[in-house]
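Enquirer: Below is a structure I'd like to ask you about.
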Amino acid sequence: MQVEHHITISASASSVFRIYEDVANWHTWDPDTKQASLEGPFAVGSKGRLTPTKGSTVPMVLTKVEPGRCFTVESKIPLFRMLFEHELVCVPGATEVVHRVTFSGPLSLLLGPILSKQLNVGLPVTLSRLKALAEARSAV
């Protein structure tokens, strides 16, 4: 099961990626994140924790990082895996931003529909807030 949303931001991909790298401040633009932390650099293999505004803290690990292009975070709990992909595609004068969440594991049949509904409401808000922040920083 997968949920995907995208937005065009009038800022460079590197500007948007700098916002992603500031994990401790994800909550400032992602209203579904209460707190996030990363132990170590923003690089493949670094582990951290994410506390959603609704739910329990989950472990996370960066499984893919290409500065200025994309990064992927994986969170696992028993019998359930969430893969959060963030892609940046340069277009003339802007960056197309894609956020995709994929669920797998036996519990995805139960949790997937519930979380998909929440994500289909939350991701557009998250992307709008990311856009506002990136464009405000680019204007400075």
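Coordinate-derived values only; no laboratory data. Please read all numbers here as calculations on a predicted model, not as lab measurements. Glycine also receives a Cβ, built like all others from the backbone with ideal geometry; neighbour counts cover every protein chain displayed.
Enquirer: With each label point set 7 Å from Cα along the Cα-Cβ vector, what nm distance links Val58 and Ala139?
Expert: The two pseudo-label positions are separated by 3.4 nm.
Enquirer: Let me ask you something else. Would you calculate a helix-derived [θ] at 222 nm for the chain, using -39,500 (n - 2.57) for each DSSP H run of n ≥ 4 and dividing by the full residue count, to the nearest 500? List each step's numbers first, then the result.
Expert: On the way: 2 runs with 41 residues, N = 140.
Per the formula, -10000 deg cm²/dmol.
Enquirer: Moving on to the next point. In Å and from the alpha-carbon atoms only, list the Rg and Dmax of region 90-140.
Expert: When restricted to the Cα atoms of region 90-140, Rg and Dmax are 15.1, 47 Å.
Enquirer: Along the Cα→Cβ direction, 7 angstrom out, place labels at Gln35 and Ser104. What is the inter-label distance in nm?
Expert: The modelled label-to-label distance comes out at 3.1 nm.
Enquirer: How about Lys34: which lysines have a C-alpha closer than 17 Å to its C-alpha, ignoring those fewer than 8 places off in the same chain?
Expert: Lys54
Enquirer: Under 12 Å Cα-Cα from Lys76, which aspartates and glutamates qualify once same-chain neighbours fewer than 8 residues away are excluded?
Expert: The qualifying aspartates and glutamates are none; the list is empty.
Enquirer: So how far apart, in nm, are the two label points at Arg49 and Lys117 if each is 7 Å from Cα heading toward Cβ?
Expert: Calculated label separation equals 2.9 nm.
Enquirer: Using Cα positions and a limit of under 16 Å, work out the aspartates and glutamates in reach of Lys117, with same-chain residues fewer than 8 apart set aside.
Expert: Correct list for Lys117: Glu4, Asp32.
Enquirer: What are the semi-axes of the equivalent ellipsoid for the chain, taken as the square roots of 5 times the Cα gyration tensor eigenvalues, largest first, in whole Å?
Expert: Working: eigenvalues 118, 54, 38 Å².
Sorted largest first and rounded, they come to 24, 16, 14 Å.
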